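Enquirer: Supplied in structure tokens, the structure appears directly below.
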Amino acid sequence: MKVLHVGWGYKPFRGGGLIEYAEDLMQVQARNGYDVSYFCTGKSNIFVSKSKLKRWTNKGYKVFEVINPTIVSSLDNGVFYPAYDTNEPITEKFFLEVVNEVQPDVVHFQEFLGIPTSLIDHLKKLNIKTVFTVGDYFVLCPTVKLIKSDKQTCRITGPELGRQCNICCTNALENGLRFRFYSSFPGLFNSKTWQTLKSVKNHVLKKTPVANAVTVGINLIKEEEFNNRRAINLMALENIDVILPVSNKVASIFRFYKPLDTIKVLHITLDHISLMQPVRFIHRQNEKIVFGIINVIGSLAKGNDLIFDVFDKLMLSDIRNKLEFKIFGYVKEEYQTRLKVYPFVKVIGKYKVKELSTLLEKHNINVGIVPSMWEEAYGLVGIEFLAKGIPVIGNNMGGIPDYVKNAETGWLNQTATAEEMFNIVSDIVNSPSEVERLSYNLIHNREKYIKTLNAHFSEINTVYSQLLNEEVTYS
């Protein structure tokens, strides 16, 4: 079978669970005899004058990388040219060239970051089957997470949408010479330098009436473009043959905006997760309960403020001497200083994915915490904890409730508040036998909670086969 995947870059140029998932899936497909190709937006290069298509191979599959892509996504900072997300001729030209060369049976979209949704319409006309794994909200929200600038979940559907998107995308990167220079030499300037340059630019605009008038005009145009962006993207999704949201919440959110009938919820996994060897928790008298937090500190969306509120509550509680929190992942110096106030907190710091299993065991993590404050599509960090036999406290947000089950795999923070999380932590410290019970359940029923990459390959293979035979069943 010939499969052409479409996505947003590759490791280590891009990071995150969705990039890792795409690469893991392509590798296992290649190992199982698929003819696999990958079309992706790639690096920007100051020494290349225009966009071009680069061909190379990576671990069993062919890569078609767009160098100097026209479309630039700033992730949480949004997009500068919203109209490009729905129609951009240079990327379209390269993509159709690749489709003609590869002649795929199925095109599997992994991301639309940097990818115009107009590609879907071209494939429909060519009668090529399409699949879309939905691991974020980018087609709905230019800043990916469906969070407004006031850090509240965005549910705007009317004409005010464009205005809000414009506000949220204030700091979006503009593709141009400055961006290419920064991308080519990211180590030359730190974030403070770029912030200073931006402040100077804004100061000049405020002092220049003509420039200010032009800016207002541009903003009004962009508001309309942002409104059109979502509407056009949702219409494009109607032409996708199978839409695979990674959780039930992702499915419900997309259905809220559009009554799509081609949805089939399919949880994803990563190769390293099934390789993590579980360790059963056995509590010893007077031993502290150790809580683990991964890549949370510094991110409001991932629950930074909530965790600090919990720490403040613990400082006023007697149980602070019966527990310990260990922080994994990069922590900025300002937050390291702040964390020193709490005697029960220890920063472990940065780690490599392949090291995580050993680190969780080495540091004796008994309970994991996933305190996300956005509708996180799935939250694979929670699955990593479960794979080690570590029960999880998770907020009732996004895909987290799909795997955090009360009295089975952990404790669901129904209100997603610091107050309820503090109470859950207190109950755990006072009843460590419950951690033992849940750890035992996770280890002895592992196949129920932890999916192997090979098992997921079989699920995807079934979707492809049913699609080509026009026998797909939707959920």
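Read-outs throughout are calculated quantities, based only on the coordinates presented, and are distinct from any laboratory measurement. Here the structure is a predicted model, which is why all the values come from computation and not from measurement. Cβ: placed from backbone, ideal geometry, glycine included. Neighbour counts: every protein chain shown.
Enquirer: Only helical DSSP H runs with n ≥ 4 go in: add -39500 (n - 2.57) per run for the chain, normalise by residue count and round the 222 nm mean residue ellipticity to 500 deg cm²/dmol.
Expert: Calculated mean residue ellipticity at 222 nm is -12500 deg cm²/dmol.
Enquirer: Given q = 0.07, 0.08, 0.11, 0.13 Å⁻¹, what are the Debye log10 I(q)/I(0) values for the chain, with equal point scatterers placed on the Cα positions and solvent ignored?
Expert: With no solvent term, the Cα-only Debye profile gives -0.39, -0.52, -0.98, -1.31.
Enquirer: Okay, moving on. Which trypsin sites (Lys or Arg not before Pro) from the stretch 104-183 combine a DSSP loop assignment with at most 15 other Cβ atoms within 10 Å?
Expert: Lys151, Arg155
Enquirer: Would you mind ranking Ile147, Ile221, Ile293 by Cβ crowding within 10 Å, fewest neighbours first?
Expert: Ile221, Ile147, Ile293
Enquirer: Which of rounded, prolate, oblate describes the stretch 317-444, given a ≥ b ≥ c as roots of the alpha-carbon gyration tensor eigenvalues and a/c under 1.5 marking rounded, otherwise prolate only if a/b is larger than b/c?
Expert: Rounded is the answer for the stretch 317-444, as its axis ratio a/c remains below 1.5.
Enquirer: Turning to a different aspect of this structure: Could you give the size of the charge dipole of the stretch 18-81 about its Cα centre, using +1 on the Cβ of each K and R and -1 on the Cβ of each D and E, expressed in debye and rounded to the nearest 20?
Expert: 400
Enquirer: Continuing with this model, one more query. Just to be sure I follow the definition: excluding the sites themselves, where is the longest run in the chain that has none of the chymotrypsin sites (Phe, Trp or Tyr not before Pro) in a DSSP loop with at most 15 other Cβ atoms within 10 Å?
Expert: 331-473
Enquirer: Then there is this: Explain nothing, just the number: dipole magnitude of the chain about its Cα centre with +1 on each Lys and Arg Cβ and -1 on each Asp and Glu Cβ, in debye rounded to the nearest 20.
Expert: Value, rounded to 20: 1440 debye.
Enquirer: In square nanometres and to one decimal, what's the mean projected area of the convex hull around the Cα atoms of the stretch 296-350?
Expert: Computed as one quarter of the Cα hull surface, the answer is 3.5 nm².
Enquirer: Need one number: % antiparallel among DSSP beta bridges in the chain, to the nearest 5.
Expert: 15
Enquirer: Something else about it: Would you compute the Debye intensity of the stretch 363-423 from its alpha-carbon atoms alone, equal scatterers and no solvent, and pass along log10 I(q)/I(0) at q = 0.17, 0.27 Å⁻¹ to two decimals?
Expert: Here log10 of I(q) over I(0) equals -0.47, -1.15.
Enquirer: Kindly put His272, His5 in sequence by how many other C-beta atoms sit within 10 Å of each C-beta, fewest to most.
Expert: His272, His5
Enquirer: For the stretch 26-69, which trypsin sites (Lys or Arg not before Pro) are in a loop by DSSP, counting at most 16 other Cβ atoms within 10 Å?
Expert: Lys50, Lys59
Enquirer: Now for a different question. Which loop trypsin sites (Lys or Arg not before Pro) in the stretch 319-383, with loop taken from DSSP, have no more than 14 other Cβ atoms within 10 angstrom of their Cβ?
Expert: Here the trypsin sites (Lys or Arg not before Pro) that fit, given the DSSP loop and packing criteria, are Lys332, Lys340, Lys350, Lys352.
Enquirer: Within 10 Å of each residue's Cβ, count the other Cβ atoms and sort Met1, Met26, Met373 from fewest upward.
Expert: Ascending number of Cβ neighbours within 10 Å: Met1, Met373, Met26.
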